[in-house]
1. Give A:71, A:107 a once-over and let me know the one that is within 14 Å of chain B (Cβ to nearest Cβ), crowded, with 16+ Cβ neighbours inside 10 Å and modelled with pLDDT of 95 or more.
2. I'd like to know if segment A:53-68 contains one or more residues that are away from chain B (no Cβ under 12 Å) and either farther than 30 Å from residue B:196 by Cα or open to solvent by 20 Å² or more (accessible area, probe 1.4 Å) (or both).
3. For segment A:98-130, which residues satisfy the criterion of being of a type in the set (D, E, K, R) and farther than 19 Å from residue A:26 by Cα?
4. Given the structure, is residue A:163 surrounded by 16 or more Cβ atoms within 10 Å (Cβ to Cβ), among the charged types (D, E, K, R), in contact with a Ser or Thr (Cβ under 9 Å, 6 or more places away or on another chain) and free of Cβ contacts under 8 Å to residues at least 24 places away in the same chain?
5. Could you tell me whether residue A:182 is under 20 Å from residue A:27 (Cα atoms), surrounded by 13 or more Cβ atoms within 10 Å (Cβ to Cβ), aromatic (Phe, Trp, Tyr) and more than 10 Å from chain B (Cβ to nearest Cβ)?
6. Could you check segment B:74-104 and list, in sequence order, the residues that are surrounded by fewer than 19 Cβ atoms within 10 Å (Cβ to Cβ), within 23 Å of residue B:169 (Cβ to Cβ) and modelled with pLDDT of 80 or more?
7. Which residue is surrounded by the fewest Cβ atoms within 10 Å (Cβ to Cβ), if the candidates are limited to segment A:166-175 and must be more than 8 Å from chain B (Cβ to nearest Cβ) and in a helix (DSSP H, G or I)?
Amino acid sequence: MKPLIDNFPDLLKSALLTLELTIFSILIGLLIGLIFSLMRISKIKILYFFSYYYSFVFRGTPLFVQIFIIYFGLAQLEFIRDSILWAVLKKPYWCAIIAFALNTGAYTSEIFRSGFEKIDKNLVEAANSLGLSNLKTFLTITLPIAIKRSLPAYGNEMILMLKGTSLASTVTLLDLTGTAKYIISTHFNPVEVFIFVGSIYLFFTFLIHTFIKYLERKFRYY
Amino acid sequence: MELLSFGDTGWGDELFKATFMTILVALVAFFFGFLISIFIVPLKLSNKKLLNYLGNTYTTIFRGVPELLVIYLLFFGGSSAVMFVAKIFGYKEFIEINAFLTGSISIGLISGAYTTEVLRGAIESINKGQFEGAKSLGLKKTTYYVFVIAPQVLRLSIPNLSNVWQLTLKDTALISVTGLVEIMRQSYIASGVTRNPLLFYSFAAFLYLILTTISLKYFNQLEKKYNHQP
């Protein structure tokens, strides 16, 4: 137990980093997901194809490869090193968040797309016949219902993202998994660390689960 | 392009071999996970609270804890666990389990947790009449589970098993941290030598994309083939 107690401040700090990475990537990913799901249901061919291939590529390759391409790969390009982007891309922290957000954005766009597609056409027609404009119909009818129906699947995606942030440790960040690996390789106590750090992750999973259940209850209106 | 050619000058043949390693690890892990789930699903469906509890603990842990952490547990803890068992039998030398075994076991444990949930869901969605019908024919429990329920469960769970397979295939990239030379590790080595990470990691992404696309096609065919209503 001693190594865990000695490293407790570090573990606390890394737990906060994991939370931070998760929240940032989920929020940015949510925005990306919404935009791409709208592109996916739009009638403009080029938007549709762009969104389709974006989600195809990011869901078809491991997050591990994506984060390495962004962190190690992009640094190789001269014009990126000369541009303003370099200020962001040279920091592993931002590279990790960019990779996570793009990844979860792809999955989120698929979740919302199926939410939009499952909406009863009669609802939209009824709204139109009541004289609501297309924008108003979308904002007050289609979007809330689609989001509500997507909640359970989106909760799973949030948990997957939480687990995904462990990959930040591969680009030198000391998140929970990174610190866990450090403690294991210096004190050689894998089981102890696994139980302790694993419980923290399970606790976070439980928080997400409770949050989603709360939202589902709150949006139950028909 | 020369860097990706086959032979001594390029990394093509190495990456080709690494791709097979990825496929092999993914297959071993997936079937190992399937094997585990066959033992865990009955626990989750059992009426006994304790067995239920055991099954739930397994699926909760391996679906809620990051894959990397599980890999580190087995990578650092695996050989000492094996040595502990070996010591009981009087063997005192250092034993190192290889990266292939560590990798496929850890990914298999994770894959097994997801497969368990898929199979449990499929069994629960089967019409109760099937169970009652089989029972009334006087079939023993094991007999009707194997010959009546299992085929239907497999058919129903093809789409979800396809998802688990994709997840497993992508998780194998993480095994590279143990040093097993699969696609990711080989790209890491190649980009270290040639100082061209962008090319090799992009090519790795391309290889994974091919693997996931082909397997998705295959699973879709399988689904179409068995999707007949009696």
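1. A:107
2. Yes - at least one qualifying residue is present in segment A:53-68.
3. Result: A:117, A:118, A:120, A:121, A:125.
4. no
5. So residue A:182 fails the test.
6. If the condition is that a residue be surrounded by fewer than 19 Cβ atoms within 10 Å (Cβ to Cβ), within 23 Å of residue B:169 (Cβ to Cβ) and modelled with pLDDT of 80 or more, then B:98, B:100, B:101 are the ones that fit.
7. The selected residue is A:171.
Listed here are the residues, each with its yes/no results for (1) at pLDDT 95 or above; (2) of a type in the set (A, V, I, L, M, F, W, C).
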residue	(1), (2)
A:66	yes, no
A:87	no, yes
A:122	no, no
A:125	no, no
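The values are calculated or read from the model by the stated rules, or taken from the named source; none is laboratory data. This structure is a prediction, so every number in the text was calculated from the model and none was measured. As a convention, Cβ positions derive from the backbone with ideal geometry for all residues, glycine included, and neighbour counts pool all protein chains shown. For the accessible areas, the whole protein counts, side chains as well, though only heavy atoms, and no ligand, DNA or RNA atoms are used. Shrake-Rupley method; radii C 1.70, N 1.55, O 1.52, S 1.80 Å.
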